[in-house]
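Engineer: My questions all concern the structure below.
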Amino acid sequence: MFYMDLIFMMICMLLLIICVLVGVAFLTLLERKVLGYIQIRKGPNKVGFMGIPQPFCDAIKLFSKEQTYPLLSNYIMYYYSPIMSLFLSLLLWVIIPYYMILFSFSLGMLFFLACTSLGVYTVMIAGWSSNSSYSLLGGLRAVAQTISYEVSLALILMSFMVLIESFSLMEFLYYQKYIWMIFLSLPLAFVWFVSSLAETNRTPFDFAEGESELVSGFNVEYSSGGFALIFLSEYSSILFMSMLFCIMFLGSDLMSIFFFLKMVFLSFCFIWVRGTLPRYRYDKLMYLAWKSFLPLSLNYLFLYMGMKMFYFSLLI
């Protein structure tokens, strides 16, 4: 019986990975279409009906191209860092609060923090092992940026840990039965969204890939499969952060179609920001993290701790 459960779990995990990768493919298509219409032009529309098979054509093109690598690079680390990057971004998906099958985490929030912290190393190693000044600069920028914004993400998560008294994401479903968390903590929702943009290296925080000054940054030496894997891991992280935002702030009923519509809308917001805002200045990025978001998230943490203590004093 145990082996049957194990096989069933592996099949479900494989299905989840396939669904995430298909979702990533269509997210890239959505991004190109939306950016096209924002810039008053057509997006991809030549391949098939309305350009729908375009992501699959791009995937075939990327993976069939010749794999080049710099002769002076640290080859093993250079080769494996995109694979580890995609592995970590897909591993995050196991914390989805399912009702029955697959994995039921009671420590989902801690697992999320551990995996996102490990994601820093893949970018750092990709930048360093390429043995290029541009990629090293991009890697260093990404590490500083990701670590800075992880602090505010962790503090926001700690606020909710205090509020719901659990590390499990399943608790958000019970706590948001009558009112969504976004109504109770709107500033935190905005901080979480902006920190998610910074965490996934998206515009206006895409300093790691600053095309104008760093020629694509930490992935400058990657081609074909390596570049495709870095690309996949970034978009998988965008989808995951959208899903986590919906779970934490917009009700987390995974059995409802509205949950997935909200998730698509959040992914659209990531693209919308990219089409609207210019890139931030680097010192202002750090100023925003340490002098604006950190005090705000700390204040909310103290507020929720005070609310809990007041509630317990009433019970006593």
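Any read-out appearing in this document is the output of simple, stated calculations on the displayed coordinates, not a laboratory observation. Since the model is a prediction, treat every value here as computed from it, not as a measurement. Cβ atoms come from the backbone with ideal geometry, glycine included; neighbour counts cover every protein chain shown.
Engineer: Pick out which of LEU71, LEU261, LEU188 has the largest mean-square fluctuation in a Gaussian network model of the chain, springs linking Cα atoms closer than 10 Å.
Structural biologist: Fluctuation is largest for LEU71.
Engineer: Over all directions, how big on average is the projection of the convex hull of the alpha-carbon atoms in the stretch 64-315, in square nanometres?
Structural biologist: That works out to 14.9 nm².
Engineer: Using the alpha-carbon centroid of each, what span in Å lies between the stretch 233-305 and the stretch 149-196?
Structural biologist: Taking the Cα centre of the stretch 149-196 as reference, the centre of the stretch 233-305 is 11 Å away.
Engineer: Given a Förster distance of 22 Å, report the FRET efficiency between PHE26 and ARG279 from their Cβ-Cβ distance, rounded to the nearest 0.05. The partial results should precede the final answer.
Structural biologist: Values: r = 26 Å, r/R0 = 1.19.
In this case the efficiency is close to 0.25.
Engineer: Same structure, new question: Near MET50, within a Cβ-to-Cβ distance under 13 Å, what is the net charge of the other residues, with Lys and Arg +1 and Asp and Glu -1?
Structural biologist: On the way: positive: ARG32, LYS33, LYS42, LYS46; negative: none.
Local charge sum for MET50: +4.
Engineer: Considering only ARG279, ARG41, ARG141, give the residue with the highest GNM mean-square fluctuation for the chain, with springs between Cα atoms whenever their separation is below 10 Å.
Structural biologist: ARG41
Engineer: Let me ask another. Contour minus end-to-end for MET286 and PHE258, with contour as 0.36 nm per residue of separation and end-to-end as the Cα-Cα distance?
Structural biologist: Fully extending the segment from MET286 to PHE258 adds 6.5 nm.
Engineer: Next question, about the same structure. About the Cα centre of the stretch 64-315, how large is the charge dipole given +1 on each Lys and Arg Cβ and -1 on each Asp and Glu Cβ? Please answer in debye to the nearest 20.
Structural biologist: Charge dipole of the stretch 64-315: 420 debye, to the nearest 20.
Engineer: Per DSSP H run of n ≥ 4, the term is -39500 (n - 2.57); total these for the chain, divide by its residue number, and report the mean residue ellipticity at 222 nm rounded to 500 deg cm²/dmol.
Structural biologist: After summing the helix terms and dividing by residue count, I get -23500 deg cm²/dmol.
Engineer: Which FRET efficiency value, to the nearest 0.05, do you get for ILE40 and CYS269 by plugging their Cβ-Cβ distance into 1/(1 + (r/R0)^6) with R0 = 25 Å?
Structural biologist: On the way: r = 20 Å, r/R0 = 0.82.
It comes out at approximately 0.75.
Engineer: Once phi is turned into θ = phi - 60°, what whole-Hz ³J(HN,Hα) does the Karplus curve with 6.51, -1.76 and 1.60 give for every residue of the stretch 287-302, x standing for Gly and Pro?
Structural biologist: Ordered by residue, 3J(HN,Hα) equals 4, 4, 5, 8, 9, 10, 6, 4, x, 5, 5, 5, 4, 5, 4, 5 Hz.
Engineer: Picking from LEU186, SER130, PHE240, whose Cα lies most toward the positive end of the charge dipole for the chain (charges on Cβ: Lys, Arg +1; Asp, Glu -1)?
Structural biologist: LEU186
Engineer: Which residue, ILE17, TYR3, ILE40, has the largest displacement toward the positive end of the dipole of the stretch 1-62 when charges sit on each Cβ (Lys, Arg +1; Asp, Glu -1)?
Structural biologist: It is ILE40, whose Cα lies furthest towards the positive end.
Engineer: Let me ask something else about it. Could you order the peptides 238-247, 9-18, 131-140, 109-118 from most to least packed, using the average number of other C-beta atoms within 10 Å per residue?
Structural biologist: Answer by packing, highest mean first, reads 238-247, 131-140, 109-118, 9-18.
Engineer: What residues of the stretch 109-139 lie in the reach of a label at LEU72, counting those whose backbone N is under 15 Å from a point 7 Å from the Cα along Cα→Cβ?
Structural biologist: Within reach of a label on LEU72: 128-137.
Engineer: Using 0.36 nm per residue of separation minus the Cα-Cα distance, give me the extension gain between ILE11 and SER64 in nm, one decimal.
Structural biologist: Full extension of this stretch gives 16.3 nm more.
Engineer: For the stretch 64-315, build the charge dipole from Cβ charges (+1 Lys, Arg; -1 Asp, Glu) around the Cα centre, then report which of LEU314, PHE205, ILE271 sits farthest towards its positive end.
Structural biologist: Highest projection toward the positive end goes to LEU314.
Engineer: Please order PHE2, PHE265 by the number of other Cβ within 10 Å, starting at the fewest. It would help to have the intermediate numbers written out before the result.
Structural biologist: Numbers: PHE2 6, PHE265 13.
Listing PHE2, PHE265 from fewest to most nearby Cβ atoms yields PHE2, PHE265.
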